[in-house]
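Working notes, beginning with the structure itself.
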Amino acid sequence: MMGSIYADAKYQDVPVEEKERLFQEVKADMRWHTTLYGCYECGICVASCPSARFYDFSPRVYAQVMAREDVHTFYELLNDSMWDCSQCFSCTRCPRQNNPGGIITIMREVAVKNGLQSAKTALQAYSRIIYKVMSTGTQVAPDMLQPDFFPDWGPDVVKVSENLDSWRRAIPPETLHTTELAWDVSEQTQLELYLIWKLSGNLDIIETLDEGIFMILSEVMEELLEEHGYDLDEVEVII
Amino acid sequence: MSSKLNVINPGPTKAKDRFFDRKGEIPTEYFKDQLFDLEAKGEIIVHRIEEGNYVEVDTKYGRKKKIPIQNTWHHKSCGQCGHIPGYSTSIFWLHRQLGYNYYDPKDQTSCTAWNYYASSASNSAAQAAIAIRNFAQAYQDGYFPLIHCGTSYGHYKETRNEILHHQGLRDQVRRILDKLGKPLVFPEEIVHYSEWVHAMRDEIKARQKLDLSNVVVTVHPACHYHKLVVEDAIYDRDLYDGQRTATVSGIVKALGADLQDYSTWHDCCGFGFRHILVSRDFSRSFATLRKIERMKEEANPDVVITHDTGCVTTLDKSQFAAKAHNRNVGIPVLSDSQFAALAMGAHPYKVCQLHWHGVDNKPLMEKMGIDHEKAWAEFEEQVERIKSGEIEFLSWEDAE
């Protein structure tokens with residue numbers, strides 16, 4: 001395996017075998033074969049890309065680097081610019097039917113699954129959301145609307161947070177009379193959700209990514225599962 | 001040798017007379033071929049829309065798509081329910097006004113795609129199992145899924161492709177669902193609520209109470225609606241010559257509003273998942289510089305209408321900080337469901353819950369002929385009844 005073609009390539013200290021291993025893990029994903037067909041170098045994906053306008057980011061680079069199997073630059077992308085992608089899939093305008101956003105989806109999963117420090121750093125401020133999604137099955141909770149979290153969203157956030165309880169009760173659908181969850185999710189549904197996280201190995205991914213979130217999440221899951229006669233440790237990953 | 005041909009140049013065909021008629025084969029596979037094949041092999045159950053309970057619409061390459069009319073299982077959106085509750089309330093209100101039966105379940109989770117498109121802290125098996133648990137629940141409840149969130153809609157269609165093409169994934173998901181005591185069910189169609197609004201636009205128009213002919217509208221088509229599994233989005237030869245999705249623009253036109261175009265219609269709103277929460281400088285910059293300011297300069301609309309959670313949030317909330325920098329912003333942002341409900345006379349605060357939005361929408365309401373001061377007083381009266389303990393919640397009867 002040759003070295004990077006770039007004289008100023010980063011991550012020279014990382015063994016090429018490790019870069020190759022991660023690269024092959026991306027290529028082994030079942031979605032890989034429908035994400036990349038070649039590249040005309042036309043730049044339509046870059047012109048469509050919101051992230052390309054504000055970051056040092058280019059969807060075309062992903063298509064080209066992956067197509068020419070440049071594992072060194074792949075490793076740079078995996079650690080440096082990948083998290084700038086907006087996942088809007090405007091790049092699927094590609095006349096070659098490439099899906100650079102889809103390549104990045106797979107790369108991100110590989111980075112998270114392997115516990116790369118760059119992934120941990122990128123998701124550091126995001127751990128609360130991971131916890132919310134996995135513990136409740138919903139993400140955007142009404143009580144997130146706090147002026148100290150969204151100071152740039154204007155004075156309406158203050159009004160919502162001050163009147164949260166009564167304004168939530170002043171919404172006609174009864175499922176929406178909630179403040180900590182987007183809607184009222186039944187206990188049985190939460191139980192099934194927890195079983196999916198455990199059975200699918202998703203909980204193991206969280207343990208690799210963020211041990212703190214894993215501990216809190218496990219505790220919450222254990223409590224509900226125990227109430228229903230399950231032992232979290234005995235529910236085996238089956239995939 | 002030169003010759004002179006006696007040809008009268010008819011000139012280019014007028015746009016209104018032009019129609020691109022596709023003669024070639026459809027370039028994408030048809031998911032229903034695999035779906036029904038797997039059903040025939042006994043691998044999956046296909047949840048069908050009842051005969052006589054759907055409207056057929058055209059999709060991008062001319063295939064037909066069935067949109068269920070009623071008996072729908074409302075797969076709610078966490079962003080809509082959490083931060084823009086008038087969005088989902090308006091969808092329910094439209095069903096109630098048109099007299100169509102629906103079910104608002106508590107046995108539903110979100111698609112959990114925040115852990116797919118944002119953090120990637122999940123895997124294909126978990127994501128597919130979440131999708132099919134919801135579909136199985138809808139099937140067991142006896143209602144057909146109607147997806148409120150654009151991302152859930154796009155994600156479920158991507159998941160459908162994975163499920164249909166990968167035996168290994170199907171086996172994994174089946175083993176998980178067996179443990180839950182649920183069948184492996186996939187609906188015949190993945191339907192977004194805005195497709196229902198589009199399909200119902202003539203019925204909505206028939207019940208329209210407000211004149212919107214002087215209301216200038218720009219439309220933002222949601223990325224995860226028309227850029228994921230592109231062939232399944234609604235297109236209509238009468239809208240943009242069939243070259244752009246008709247969803248949302250269809251209802252705006254049907255209601256007689258002044259639909260205006262702008263050059264960056266294909267651009268994303270800037271939501272970006274991670275970005276809207278932890279890198280909002282990016283979301284705000286893109287939303288205001290590439291979308292709102294372009295609309296202002298090119299169309300100067302009274303309102304932006306869109307059809308996804310993140311788009312309403314990003315386009316609306318990003319304008320406050322930009323305004324502080326004297327940028328050319330200040331356009332209210334509503335969902336198509338809210339716009340349609342207002343047109344049919346829905347209460348702007350009890351039903352459409354416009355007080356959860358950021359940009360001042362009072363000038364829009366005045367142009368639509370809505371007395372917002374009276375409406376706000378009516379809403380506050382109900383809130384006082386809740387605070388005093390006279391009523392626990394605002395009921396549909398109170399709102400209608």
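Taken together, the values in this text are just the output of simple stated rules run on the coordinates, not laboratory data. All figures in this text were calculated on a predicted structure; none of them were measured in a lab. Please note: Cβ atoms are built from the backbone with ideal geometry, for glycine as well, and neighbour counts cover all protein chains shown.
I need the calculated FRET efficiency for the pair B:H166 and B:E56, taking r as the beta carbon distance and R₀ as 30 Å, to the nearest 0.05.
0.50
Taking the Cα centre of chain A as origin and assigning +1 to Lys and Arg Cβ atoms and -1 to Asp and Glu Cβ atoms, the resulting dipole is close to 1520 debye. Note: relative contact order over chain B, using C-alpha pairs below 8 Å and six or more positions apart, is 17 percent. For segment A:28-148, just say rounded, prolate or oblate: build the C-alpha gyration tensor, square-root its eigenvalues into a ≥ b ≥ c, call rounded for a/c under 1.5, and beyond that prolate if a/b exceeds b/c, oblate if not. Since a/c reaches 1.5 and a/b is larger than b/c, the shape of segment A:28-148 is classed as prolate. If R0 is taken as 51 Å, the Cβ-Cβ distance between A:D56 and A:E222 corresponds to a FRET efficiency of 0.70. Packing, as the average of other Cβ atoms within 10 Å across residues, places the peptides B:303-311, B:18-26 in the order B:303-311, B:18-26, highest first.
For segment B:185-229, the residues whose backbone nitrogen is under 11 Å from a point 7 Å from the Cα of B:D238, taken along Cα to Cβ, are B:201-202. Shape class of segment B:31-193 from the Cα gyration tensor (axes a ≥ b ≥ c, square roots of the eigenvalues): oblate, since a/c reaches 1.5 or more and a/b does not exceed b/c. Among the cysteines of chain B, B:C78, B:C81, B:C111, B:C149, B:C352 have no other cysteine beta carbon within less than 4.7 Å of their own.
Cβ screening of chain A for cysteine pairs under 4.7 Å finds these without a partner: A:C39, A:C42, A:C49, A:C85, A:C94. Once C-alpha pairs closer than 8 Å and six or more residues apart are averaged by separation and normalised to the residue number of chain A, the relative contact order reads 15 percent.
When each pair of different Cα atoms in segment B:209-379 is counted once in the 1/r mean, what is the Kirkwood radius in angstroms, to one decimal?
16.3 Å
In a reduced charge model with +1 at each Lys and Arg Cβ and -1 at each Asp and Glu Cβ, chain B shows a dipole moment near 1100 debye about its Cα centre.
Between B:K209 and A:Q117, the modelled label-to-label distance comes to 6.3 nm, taking each label 7 Å out from Cα in the direction of the beta carbon. Out of A:S218, A:F23, A:Y126, whose Cα points farthest toward the positive end of the dipole of chain A (charges: +1 Lys, Arg; -1 Asp, Glu; placed on Cβ)? In chain A, that residue is A:F23.
The label-point distance for B:N326 and B:S388, in a model that sets each label 7 Å from Cα toward Cβ, rounds to 4.8 nm. Between the residues B:C81, B:G242, B:L259, the greatest Cα displacement towards the positive end of the dipole of chain B, with unit charges on the Cβ of Lys, Arg, Asp and Glu, is found for B:G242. Once the C-beta distance of B:K362 and A:E17 is scaled by a Förster radius of 45 Å, the resulting FRET efficiency is 0.10 to the nearest 0.05.
Mind jotting down a quarter of the surface of the convex hull over the alpha carbons of the protein assembly as shown, in square nanometres, one decimal? For the Cα atoms of the protein assembly as shown, the hull's average projected area reads 34.9 nm².
Across the cross-link table entries B:K76/B:K350; A:K10/A:K120; A:K113/B:K41; B:K14/B:K291; B:K76/B:K227, which are compared at the Cα atoms, the separations over 23 Å belong to A:K113/B:K41; B:K14/B:K291. Across segment A:1-121, the relative contact order, built from alpha-carbon pairs under 8 Å that are at least six residues apart, equals 31 percent. Extension gain for B:T28-B:D281 works out to 87.3 nm (0.36 nm per residue, less the C-alpha to C-alpha distance).
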